[in-house]
Amino acid sequence: MMLKERRSYVRGAFPFTVKFRLLTPEEHQAIREAERESPHPEKETTTSITDADRSDLEITLNAALVDFLLQMDEKLDHILSLLSKAEVGEDVLPKQGTGTNISGSGMNMLVEEPVEVGRIIHAHFVLSRIPLVCVDTFGEVNWVEPVDENGTTRYSLGIEFVGLKPIDRERIIACVFQRQRKTIRERKAEAG
């Protein structure tokens with residue numbers, strides 16, 4: 001019996017932190033229209049980097065600096081959320097979940113509270129620190145399942161990316177392949 005793969009993109013199963021906000025369809029549409037009307041649209045360029053060039057680049061990139069900048073970004077987000085609590089309701093503040101797997105078309109995420117199917121989320125996450133892979137995108141919740149973890153109920157969300165930029169899709173796929181290659185090397189080292 002032959003199994004047929006139904007996915008369009010390779011999927012990687014590894015944990016990552018996701019910060020997200022729930023949006024109404026009107027909020028999502030307003031954000032998308034504002035992006036289209038922006039006077040300086042973001043240029044999406046891709047460059048071809050060989051493996052040798054990539055390893056040289058990774059060596060020269062200071063890992064401590066990347067960690068520092070990411071931690072600074074998290075602290076600034078936290079400060080802004082504390083300051084805005086007095087001004088806005090809890091619905092506007094970012095929530096946090098744990099991504100459990102990801103592909104070029106969507107991701108699964110564990111959250112503390114259920115989210116209704118069809119809801120749009122605005123998500124931001126870091127998949128890799130070296131090379132730095134940060135993604136800021138929108139997604140639609142396709143399914144929700146309760147998950148029991150040590151007597152605590154969390155919720156697994158199936159999210160399909162909406163309007164994901166091609167360059168971000170390529171970066172996600174490259175990161176998944178990079179993690180898979182690392183896992184294969186580690187298994188070979190343990191066996192050998």
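Scanning segment 142-155 for residues that are on the phi < 0 side of the Ramachandran plot and out of contact with any Leu (no Cβ under 6 Å at 6 or more places or on another chain) turns up Asn142, Trp143, Glu145, Pro146, Val147, Asp148, Glu149, Thr152, Thr153, Tyr155. If you go through segment 3-34 and pick out every residue that is among the aliphatic types (A, V, I, L, M), closer than 30 Å to Gln178 by Cβ, within 19 Å of the chain's Cα centre (by Cα) and at pLDDT below 85, you end up with 1. All conditions in (1) more than 17 Å from Gln96 (Cα to Cα); (2) without any contact (Cβ under 8 Å) to a residue 60 or more places away in the chain; (3) crowded, with 16+ Cβ neighbours inside 10 Å hold for Ile173, with the sole exception of (2).
The residues in segment 78-115 that are modelled with pLDDT of 70 or more, charged (D, E, K, R) and not in a strand (DSSP E or B) can be counted, and the count is 2. Of the residues making up segment 176-191, just one is surrounded by 15 or more Cβ atoms within 10 Å (Cβ to Cβ) and free of Cβ contacts under 8 Å to residues at least 60 places away in the same chain, namely Gln178. Residue by residue through segment 116-140, note down the ones that are out of contact with any Phe, Trp or Tyr (no Cβ under 9 Å at 6 or more places or on another chain) and not in a strand (DSSP E or B). Selection gives Glu116, Gly118, Arg119, Ile130, Pro131.
Contact annotation: residue pairs with Cβ atoms under 8 Å, 6 or more positions apart or on different chains, pairing a residue in segment 124-151 that is loosely packed, with under 11 Cβ neighbours inside 10 Å with a partner that is among the β-branched types (Val, Ile, Thr) and modelled with pLDDT of 85 or more, are Pro146/Thr153.
The values are calculated or read from the model by the stated rules, or taken from the named source; none is laboratory data. Since we're looking at a predicted model, the values are computed, not measured. When we count neighbours, we look across all protein chains shown, and the Cβ atoms used for this are built from the backbone with ideal geometry, even at glycine.
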